[in-house]
Amino acid sequence: MSSDDDLAYRRSVRNMSVILAVIVIVIFAAIFVPPYISPYHDVFQQSVSMDSPAGFTMYLTINATSVTPGGTILMDGWVNSSFASIENLTVADQWAFQQNLLWRSACASGWPIGVGVMEGHYTQDNYTQGTLLSIPLPLTSCPVSAPPQFILLYPSPHSSVALASVNGNPVRWLLQTELAFSDRSLGVSQPGSQGPGELPPGVYTAVLADEWGDVLTNNFIVS
């Protein structure tokens, strides 16, 4: 092999090594870099929905996909019946998140749905990598009640009306949960915020979860 051929061969090997190194770095970053650092590419939507294997449809809406630091995102999560007749939903305890980190209904023990927020860009595929922000629930004086053993979901189209058995008595529930989320919801200023009581700029994930293990996600940006 001539010196020119040897030089060309060495240059080819070196270039290939650089290319392989770049590929490895890109793959590593895509897998391990946290979503709040990785750039996002999705077009955010104000309303999303998902059919649950339990037989109903979950909905999650936000009033805006972008908010300035110090602003407020209004979140609304609910479930609608998709049954042809009244359905008896057996109570489960298969929450994907800690219940105390989800905003549910005050004074309703066993409330089956809740909403929350994670810092970072998460989806249905990777929400298990995120952590819900701790949103203090309001202090209320509630009567002692046991969670229901079953929930009857009415078959009316687009109905969120359910009948629960609480302490042996029938109670009408509207399976809907709302949250006005802002930096003030957290009670403390967050690291990286631009000012007192402001959320750090970046992408956030709104979630709706139920006790049957379903999770629906939506995203918004603080900028």
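What follows draws every value from the coordinates through simple rules; no lab data is involved. The shown structure was predicted, so the numbers you read here are calculated from the model rather than taken from an experiment. Quick reminder, even Gly has a Cβ in these numbers, built from the backbone with ideal geometry, and neighbours come from all protein chains shown.
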*Positive minus negative residues near residue 94 (Lys, Arg vs Asp, Glu; Cβ under 13 Å)*: -4
*asked:* Could you give the length gained by full extension between residue 142 and residue 186, i.e. 0.36 nm per residue of separation minus their alpha carbon distance, to one decimal place?
replied: 13.6 nm
*asked:* I'd like the Kirkwood hydrodynamic radius of the range 76-137, using the inverse of the mean 1/r over distinct C-alpha pairs, in Å.
replied: 13.8 Å
*Compute the length gained on full extension between residue 51 and residue 128: take 0.36 nm times their separation in residues and subtract their Cα-Cα distance, giving the result in nm to one decimal.*
25.8 nm
*Within a Cβ distance under 13 Å of residue 63, other residues only, what is the Lys/Arg minus Asp/Glu net charge?*
-2
